[in-house]
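Input: a single structure, listed below in structure tokens.
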């Protein structure tokens, strides 16, 4: 039997969905053959789409507790369209309660969560990752704990969110040959910079799937091999210029790449907040 990968997605901590999933899995004798990957605080459609695309690539089972209607509908439509097995834990319960009391749910994530210091730090890091994602505001580079550099489809955004859940403030910067690299990249300690790369074959596959999901032709320049090789060559030159370590994310799970980044941060004596593991 193939190993079972389960993606647990939540717009809050995700503890409820994870515990229910574990309780369900305890009814089977395959404890060594499954893996639960929890994605908490998913409140942006862009991040949700990244996670769902990753789940699709692994043929994972998707279990979610989402109360915000747009995100909930997006998840259901994506999973149905891509024939991805999925379980909505909250909607059936909310529907039955509504039918009994005649009141609609608030649709606000995380109400039950106690707002302690660790929670606020984590939220701050997640908001930081959203604000400074994809080079939207280069001022975040100077404020970050770590900066991720890479061309499109090298897992910059999901890695930023994963590390943010560990209270690490991450800015990520896309590398595009036609766009000058922000000057702030050269103003910070290179030990705080991580380069991300991928194999040309994997990039070609991922980019073609991305174009298809957007309803665009797979023949677009974005997914052409020559263009990908050009971008990889450019990114390699930039990373050598910066002097940062480089991680090839090809065939690596987000957790594996994040673990390598955390190890690099420890080696370089950079701040890692232990309460982010809660």
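The values are calculated or read from the model by the stated rules, or taken from the named source; none is laboratory data. All values derive from a computational prediction rather than experimental measurement. Don't worry about glycine lacking a Cβ; one is built from the backbone with ideal geometry, like all the others, and counts go over all protein chains shown.
Some values worked out for this structure:
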| quantity | calculated |
| --- | --- |
| Number of the exception - residue 245 against (1) within 20 Å of the chain's Cα centre (by Cα); (2) farther than 22 Å from residue 7 by Cβ | (1) |
| Output for region 46-64, where each listed residue is under 16 Å from residue 14 (Cα atoms) and outside any helix (DSSP H, G or I) | 61, 62, 63, 64 |
| Residue that is modelled with pLDDT of 90 or more, in contact with a helix residue (DSSP H, G or I) (Cβ under 8 Å, 6 or more places away or on another chain), part of a loop (DSSP other than H, G, I, E, B) and under 30 Å from residue 211 (Cβ atoms), where the choices are 8, 42 | 42 |
| Answer residue from region 11-39, given it is in a loop (DSSP other than H, G, I, E, B) and free of Cβ contacts under 8 Å to residues at least 60 places away in the same chain and is surrounded by the most Cβ atoms within 10 Å (Cβ to Cβ) among those | 14 |
| Answer residue from region 97-118, given it is exposed (fewer than 10 other Cβ atoms within 10 Å of the Cβ), modelled with pLDDT of 75 or more and assigned to a loop (DSSP other than H, G, I, E, B) and is farthest from the chain's Cα centre (by Cα) among those | 102 |
